Amino acid sequence: MKKVFTTAFIAMLSASAFAQTKSDTLVVTTTPEMHCEGCENKIKKNIRFVKGTKKIETSVPNQTVTIVYDGRKTTYTDFESAFKKIGYSIKKVKK
């Protein structure tokens, strides 16, 4: 009986740990378009402060910003607002 409870407890902890590490990914384009390293840095330096943001990657050649974030802490509209504050609007890219 003790083994059953121990196994169930471990399974529950494992499921809980997996749920805590789940990340969402958002890929957007910006208007105006990024054209240099300065644009990339401006985005990275400001958007990282959106609650739940885990990782930001920018690509000038592809004109995309990829954001990995915790969907329990933030939403797409939070990112829209953050980009707007630094002079950009965003549009989701279909995956």
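Below, the figures for the structure above:
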| item | result |
| --- | --- |
| Cross-link partners of Lys73 among aspartates and glutamates (Cα-Cα below 16 Å; sequence separation of 8 or more within a chain) | Asp24 |
| Placed amide H near Val93: partners under 5 Å, 5+ positions off or other chain | Val27, Val28, Thr29 |
| J(HN,Hα) series, the range 33-39, from Karplus relation 6.51 cos²θ - 1.76 cosθ + 1.60, nearest Hz, glycine and proline x | 5, 6, 10, 7, 5, x, 5 |
| Thr64 long-range amide H proximity, modeled H, under 5 Å | Ser59 |
| Local electrostatic count at Val60 - Lys and Arg +1, Asp and Glu -1, tallied over other residues with Cβ under 12 Å | -4 |
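Every number in this text was worked out from the coordinates using simple rules, so none of it is lab data. Everything quoted here is computed from the prediction, not taken from an experiment. Positions of Cβ are backbone-derived with ideal geometry, glycine not excepted, and every protein chain shown enters the neighbour counts.
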